[in-house]
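The values are calculated or read from the model by the stated rules, or taken from the named source; none is laboratory data. Model, not experiment: these values are computed from the prediction. Cβ atoms come from the backbone with ideal geometry, glycine included; neighbour counts cover every protein chain shown. Side chains are part of the model used for accessible areas, which takes the heavy atoms of the whole protein and leaves out ligands, DNA and RNA. Shrake-Rupley method; radii C 1.70, N 1.55, O 1.52, S 1.80 Å.
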Amino acid sequence: MTSLVWFRRDLRTTDQPALLAAAAGEDSVHAVVVFTPETWRKHGVGANQLTLLCRRAQSLRAELDELGIPLHAVHASTFAATPDALLALAEEIGADRLHHGLEHEVDERERDEVVRLAFEDAGKRVHAHHTQTLLPPDAVQTGTGGPYKVFTPYKRSVLKQLTAEGDLVAGLRPEQQAEPCEAIGSIPDAIEGAGTTVELGTFDLNEKEALAGLDGFLAERGAQYEAQRNFPAVAGTSGLGVAFALGTLSPRTAYAHALRRLTSHPNEAEGLDTWISELVWRDFYRHVLFHFPRVCMNRPFDLATEAVEWRNNENEFQAWCEGRTGYPLVDAAQRCLVATGWMHNRLRMVTAQFLTKHLLVDWRWGERFFAQHLVDYDFASNNGGWQWSSSTGTDAAPYFRVFNPISQSEKFDADGAFIRQWVPELAELRGKDLHDPSRIAPLLRSDLDYPELIVEQKFGRQRAIDAFKTARASL
Ligand SMILES: Cc1cc2nc3c(=O)[nH]c(=O)nc-3n(C[C@H](O)[C@H](O)[C@H](O)COP(=O)(O)OP(=O)(O)OC[C@H]3O[C@@H](n4cnc5c(N)ncnc54)[C@H](O)[C@@H]3O)c2cc1C
C-alpha cells in the first residue's frame, strides 16, 4: 500500500495529522505540494507570501527527505486542473490512498470534493484531517447546537474542550521510511510573474526555527505580551504569523507549549492567557467562514451593511495605499507594510478603520491590498480583521466607535519612534506636532514636504457614522 499526503497550508512534519495517519499503517509514504499560481493570483495572494510558500516547500522537502519521504511538486496552475494532475501523480507512484488537511474556504472545498470523486472513481481512498486549527470548526457549538457568532463564549467553549481533551498530539513525528525514492518535480524559488523586492529573510522559517521561535517567545516575551502587544515600536508579539499562515507551526503545538509554560510559570498568566486568546481568534474566524460561507464570496457577515454607500474615491484609496494621508501613524503603517510585508496588529486595526470609516472606502478594497502585501496573509484572519474593523463582521467593532488616528498615535506610539522610522520627513517634530502635523502653522508646515490631511478627523468620523445609520435605516 502506498499513501500520498497532499500538503497545503500545513507545511510541517510535526503534529501533522494527515502525515501521521499516512505513516501510521504499513504504508510507504509519499508527499506532494500542488502549485496553482493562477488560482492563487485570482484569490489575490501576493508575491511576498507566494515566495515564502515556495521557500517553505523547499525546506519541507529537505525535512521530509530526512524521514525518507519524497515531496513531489505538481504544477497544475488552477484548482480546476488539480484533480487530474494529482491523480496522474498517484497513478505514477502507485498510491492508492490520499491524505490531506481540510481547508474551509468555498473554492477549496469545491476543489477537494472534485478530487475526492476523481480518486474514488479510480478506486482510491481519500482521508481528510484537521490540520489547521485548534479544533475542527464544526466541533464547537452553542448550547442549542448552532455556530457561535460572538467570540467570548466561543473561546470559553474551545478552551473547555481543549482542557477536556488533555493529550494534544503535539510533538509527534512519523517514523523514518524504509525505502526512500526520488522526489518528482522542481520547487521554484518564486512563482513565475510574482517576484518581490521585499527582503523576506526574517520570515523564511523552517520547522526547527519556527519551533525555536515559539519557545523563545514564550520564555522571553510571553509574560509581557498583554502589556506590550499594542506598541508597534516594541517587539511585543511573537512574529510567528507566517509560520501559522503556512502551517510550519501547528496551532495545537503552539497551544500545548503555551500551556506548558503557563503550568510551570503561573505568574506569567496575564500575558500567556492573552496570547492563547489570539490563537482562538484565529480559529474563530475559520469557524465563522465555515458556517457562513458568504464571507468567502465577497459578502459581509452583517447583511445590513450591504446597504452602506461607500465613497470609493480612487485617489484617496491610492493615497492610503502609499502612506500619504496626512495622518502620520496611518502613513507609517502603510509604508511599513509595503516595504516589509508586515504590519503590527494595532496598526492593521487603525489603518483599516481609517480607510473604511474616515475615507468610507469599501473594506474589500483594503482586504485585497493587505492580501497583496502581507507575508502572513491568511484568508480567514484577513477577512475577519477587515470585517471587524469596518463593522461589517460578526462581533465587530460597533460602527459608532471609530478609532481616532491621532489619539491612537499618541497612545501607542507616544514617543513617535515608529513614526520617525517610517515617515522620516517628520523626524524633527516633537510632542503633539509629530502625531498631528496639521496643527503646525501653515507657513512652517509647507517646509515639511508632508501631505495635508486627506480628510478632517471629526468630519470623516461623523460621515461614516451617518452612512452606517442610513444603511440600517433603509432596511
Ligand atoms: C485588518 C486586519 C487584517 C489582518 N490580516 C491578517 C492576516 O492576513 N493573517 C493573519 O494571520 N492575521 C491577520 N490579522 C490578525 C493580526 O493582525 C495578526 O495575526 C498579527 O498581527 C500577527 O502578528 P504576530 O504573529 O506577531 O501575532 P501574535 O500577536 O504573536 O499572535 C499569535 C498568532 O495568533 C494569531 N492571531 C493574532 N491576532 C489575531 C487576530 N486578531 N485574528 C486572527 N488571528 C490572530 C496569528 O496567527 C498570530 O500569528 C489581521 C488583523 C486585522 C485587524
What ranking, highest mean first, results for peptides 457-470, 29-42, 4-17 when packing means the other Cβ atoms within 10 Å averaged over each residue? 4-17, 29-42, 457-470
Average projected area [Cα convex hull, region 2-131], square nanometres: 7.2 nm²
Relative to the longest principal Cα axis of the chain, at what angle does helix 47-66 sit, 0 to 90 degrees, rounded to 10? 30 degrees
If packing is taken as the average number of other Cβ atoms within 10 Å across a peptide's residues, how do 129-137, 215-223 rank, most packed first? 129-137, 215-223
For the chain, which whole percent of the accessible surface, found with a 1.4 angstrom probe, sits on carbon and sulfur atoms? 51 percent
Once both axes come from the Cα atoms, what is the angle between helix 82-93 and the longest principal axis of the chain, in degrees from 0 to 90, rounded to 10? 30 degrees
For the chain, which semi-axes, largest first and in whole Å, follow from the square roots of 5 times the eigenvalues of its Cα gyration tensor? 41, 24, 23
Ranked packing of 342-350, 19-27, 186-194, most packed first, by mean Cβ within 10 Å: 342-350, 19-27, 186-194
Express in whole angstrom the spacing between the alpha-carbon centres of region 67-139 and region 285-348. 32 Å
Kindly report the accessible area of region 303-473 per residue (heavy atoms of protein chains, probe 1.4 Å, no ligands, DNA or RNA), in Å². 41 Å²
Step through the table entries LYS357/LYS469; LYS155/LYS208; LYS149/LYS469, compare each Cα-Cα distance with 18 Å, and write down the pairs that go over it. LYS155/LYS208; LYS149/LYS469
Mean-position separation - Cα centroids, region 165-241 and region 1-49, in angstrom: 16 Å
Stokes-Einstein D for region 260-306, Kirkwood Rh over Cα pairs, 4 °C, 1.567 mPa s (µm²/s): 101 µm²/s
